[in-house]
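Asks: This structure is in C-alpha cells; I'll ask about it shortly.
The values are calculated or read from the model by the stated rules, or taken from the named source; none is laboratory data. Everything numeric in this text was worked out from a predicted model, so none of it was measured. Cβ sites come from the backbone with ideal geometry, for glycine too, and all protein chains shown count toward neighbours. These area figures cover heavy atoms from the full protein model, side chains too; ligands, DNA and RNA do not enter into them. Shrake-Rupley method; radii C 1.70, N 1.55, O 1.52, S 1.80 Å.
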Amino acid sequence: MRYISTRGEAAPRDFEAVLLAGLAEDGGLFVPAAWPEFSAAEWRGLRGLPYAELAARIIHPFIGDSLSFETLRTMTQRAYAGFGHPAVAPLVQTDTNTFALELFHGPTLAFKDMAMQLLGLLFDHVLEKRRERVTIVGATSGDTGSAAIEACRDRTAIDIVILHPEGRTSDVQRRQMTTVPAENVRNIAVQGSFDDCQDLVKAMFADVPFRAEMRLSAVNSINWARVAAQIPYYAYAALALGAPDREVAFSVPTGNFGNVLAAWAARRMGLPIPRLIVGANRNDILARFLASNDMTAREVEPSLSPSMDIQVSSNFERLLFELLGRDARATAETMRRFRAEGRMPVPDAAWQQATALFQGFALDDQGTLAEIGRLHRQSGYLADPHTAIGSAAAKALAPAGLPVVVAATAHPAKFPDAVERATGIRPPLPPRLADLYEREERFTVLPNDLGSIEAAVRAHARRN
Ligand SMILES: *Cc1c(COP(=O)(O)O)cnc(C)c1O
C-alpha cells in the first residue's frame, strides 16, 4: 500500500515510512493512494469475529507488504488484551434505536487507547527491525499524554517525555501520567500554560541539531496509523447491527476530526453508513461549517468536554482532499488561505457533498449536563460529557428508523465532577485503577525555558 500527501509535493511512501514520519514534508497529511474496499460477502464473512481478529483483518490492507497478517494479528491481540472488557469495544443499547459504542475500556479510560495501544507496538516493531530508536516528545493538557505514555511504556526502542502545564490538569489526568513506573517514561511539569508546553515541543522540533541528535518523533493525531486503527470499531458496531445488509448511522463527539474520519473511512471501505453526525461543544467550527459553509477559526473556549476544545480540526484536511476530488493543488491552496485568512474557502459543490453525509450539532455546557441527566434518568446509563454531546446530537439528528451508534469516547469516571453535578452520582474508577490515588507520582517541575527542557530530554534519552 502506498501513501500520498494531501498537498501533492511529497514523494509517495509505504506504511512504515508514513508511521514514522507523521506529517508529510510538504505540510500535508498522508492518505492511501487507493482505498481498500470489501464486498458485501466479505463484510458478512467478518461478522462475529473477536475484536482483535477483526481489527487485524481490516487494518492489514492498509499495511500491505510491510507486515505479515500473522504478525499484525499478534500485535492486535497484545494491544487489546489488557482492556477492561472482553468485547474490547462493547455496544450498549440506550434507547429503541440508539446504542453507545464504548471505546473507553483501555488503560487510560478514553478512546485514544483504541489506536495508541496498537501504535506503540507498531512503532517498536518497525524501529527494532530497522535497529533505530526514537525519543517521543509531546505536550498535553490531559488525555493525549496519558494515552501516549501507556502506549510507549516499557517499549525497547522508544523513550518518551511528556510536558504538562504544572497544576493545570485534573488530578486523574496527571496521576495517569505520573504514576507509570517505567524506565523509559519521563514527565515534566512546566511552570506555564498548555500553550507554553506546545511551544516548547515545537521549538525542540525546530532545533534541527537537537532533533537529529535525539531522533525526536511524535505520535500526534494526524498520524495516519491512528486513523487506520480507529476504523475497526465502526465495522464492529455496524456488523453487529446487521451491516452490510442494514444501514447504520454514527454520531461522534469531535475535536481534531480523527475519530469521525475513521467512520468516513469505514464507509469508504464499503459499509452502508448513510449519515455521520458530528458533535461539538461551544467550540463549534465544524457545526458552523456544516450548517452554512462557514469554516472560520475563533478563540478556543474552555468547556466541560476539554478534549473537544479545539478550533482547527487538523484531520479535516483528509476529508477536504476527498471532497475536492483528490486535487492536491486545490487542497494545498485552500489550506494556505485558511492559514492566512482564518476562513476556509470550500467550493459550494464540495460543501454540498459534505452535507449530504455529515450533519453538525453543537451543545453548550448546560445542555451537556442536561443530557447526562436525561440519559441517566431514562436508561440508567452514565455518560461522560463528551459522550453526552454525541448522544444529544444523535437524538436531534438521527434518521428515523435507522440504528444510530454514539461513539462513547471517555469513561464517566474520567470526568466525575460533571457527572456528579448532572446525576448526583460520583462514578467510581474501574477496579484496575481504583488505587490510582495511592500510587507514587514521578515528575520533574521545570521552568518554561527551552534550555532546561532540552537538557532534561537529553538526560533521559537512551540514544544508540
Ligand atoms: C480526543 C477526544 C475526542 C475528540 O476526538 P477527535 O479524534 O480529536 O475528533 C473526543 N472525546 C474524547 C474523550 C477524547 O479524548
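Asks: Between Ala340 and Arg44, take the C-beta separation as r, use R0 = 51 Å, and let me know the FRET efficiency to the nearest 0.05.
Replies: 0.55
Asks: Let me ask you something else. Kindly provide log₁₀ I(q)/I(0) values, in the same order as q = 0.11, 0.14, 0.23, 0.24 Å⁻¹, from the Debye equation applied to equal alpha-carbon scatterers of the range 161-277.
Replies: -0.58, -0.80, -1.22, -1.28
Asks: What's the magnitude of the charge dipole for the chain around its Cα centre, counting Lys and Arg as +1 and Asp and Glu as -1 at the beta-carbon? Answer in Debye, nearest 20.
Replies: Roughly 680 debye for the chain.
Asks: Please compute the contact order of the range 235-284 in relative form: average sequence separation of alpha-carbon pairs under 8 Å and at least six residues apart, divided by the residue count, as a percent.
Replies: The normalised contact order for the range 235-284 reaches 45 percent.
Asks: Now a separate question. If I model a spin label as a point 7 Å beyond the Cα along the Cα-Cβ vector, how far apart are those points for Glu420 and Ala206 in nm?
Replies: So the two model labels end up 4.2 nm from each other.
Asks: For the range 35-181, what is the charge dipole size about the Cα centre, in debye to the nearest 20, if Lys and Arg each add +1 at the Cβ and Asp and Glu each add -1 at the Cβ?
Replies: Computed about the Cα centre, the dipole is about 220 debye.
Asks: Given a Förster distance of 25 Å, report the FRET efficiency between Asp294 and Asp327 from their Cβ-Cβ distance, rounded to the nearest 0.05.
Replies: Computed FRET efficiency for Asp294 and Asp327: 0.70.
Asks: In the range 94-191, what percentage of the DSSP-assigned beta bridges are antiparallel, given to the nearest 5?
Replies: Around 10 percent of the beta bridges assigned by DSSP in the range 94-191 are antiparallel ones.
Asks: Moving on. Please work out the Cα convex hull volume for the range 300-426 and give it in Å³ per residue.
Replies: Once divided by residue count, the hull of the range 300-426 is 125 Å³.
Asks: Would you please classify the overall shape of the range 208-263 from the alpha carbon gyration tensor, given that a ≥ b ≥ c denote the square roots of the eigenvalues, rounded means a/c under 1.5, and beyond that prolate means a/b larger than b/c while oblate covers the rest?
Replies: prolate
Asks: How much solvent-accessible surface does Lys129 expose, in Å² to the nearest 10, with a 1.4 Å probe and all protein chains in place?
Replies: Roll a 1.4 Å probe over it and Lys129 shows about 110 Å².
Asks: Test of understanding: what is the full-extension gain from Arg439 to Ser193, defined as 0.36 nm times their sequence separation minus their Cα-Cα distance?
Replies: Fully extending the segment from Arg439 to Ser193 adds 86.0 nm.
Asks: Roll a 1.4 angstrom probe over the protein heavy atoms and tell me the percent of accessible area of the range 218-324 that is carbon or sulfur.
Replies: Reported share for carbon and sulfur atoms: 48 percent.
Asks: On to the next question. Given a 1.4 Å probe and heavy atoms of the protein chains only, how would you sort Thr96, Thr108, largest accessible area at the top?
Replies: Sorted descending by solvent-accessible area, the residues read Thr96, Thr108.
Asks: At 0.36 nm per residue, minus the direct Cα-Cα distance, what do Leu429 and Arg168 gain on full extension? Give it in nm, one decimal, please.
Replies: 91.9 nm
Asks: Where in the range 390-464 are there trypsin sites (Lys or Arg not before Pro) that are in a DSSP coil and have at most 11 other Cβ atoms within 10 angstrom of their Cβ?
Replies: Arg463
Asks: Taking all protein chains as present, what is the carbon and sulfur share of the accessible area of the range 14-74, in % to the nearest whole number, probe 1.4 Å?
Replies: Here carbon and sulfur together make up 53 percent of the probe-accessible area.
Asks: Any idea how far the Cα center of the range 207-264 sits from the one of the range 1-16, in Å?
Replies: 18 Å
Asks: Okay, moving on. With a cut-off of 8 Å between alpha carbons and a minimum separation of six or more residues, what is the relative contact order of the range 149-221 in percent?
Replies: Here the relative contact order equals 32 percent.
Asks: Also: Which order do Ile389, Ile425, Ile310 take by accessible area at a 1.4 Å probe, largest first?
Replies: Ile425, Ile310, Ile389
Asks: Given contacts defined as C-alpha pairs under 8 Å and at least six residues apart, what's the relative contact order of the range 386-448, whole-number percent?
Replies: Once normalised by length, the contact order is 22 percent.
Asks: Rounded to the nearest 10 Å², what accessible area does Asp196 have for a 1.4 Å probe in the complete protein model?
Replies: About 50 Å², ignoring ligands and nucleic acids.
Asks: Any chance you could tell me what percent of the C-alpha pair distances in the chain go past 29 Å?
Replies: Tail of the P(r) past 29 Å holds 46 percent of the pairs.
Asks: Whole Å is fine, so just give me how far the alpha carbon centre of the range 97-114 lies from that of the range 348-376.
Replies: 19 Å
Asks: In addition: Counting only DSSP beta bridges with both residues in the chain, what percent are antiparallel, rounded to the nearest 5?
Replies: Of those bridges, close to 25 percent are antiparallel.
Asks: While we're here: Working out 0.36 nm times the residue gap between Ala396 and Asp449, then minus their Cα-Cα distance, what length gain in nm do you get to one decimal?
Replies: That works out to 14.3 nm of additional length.
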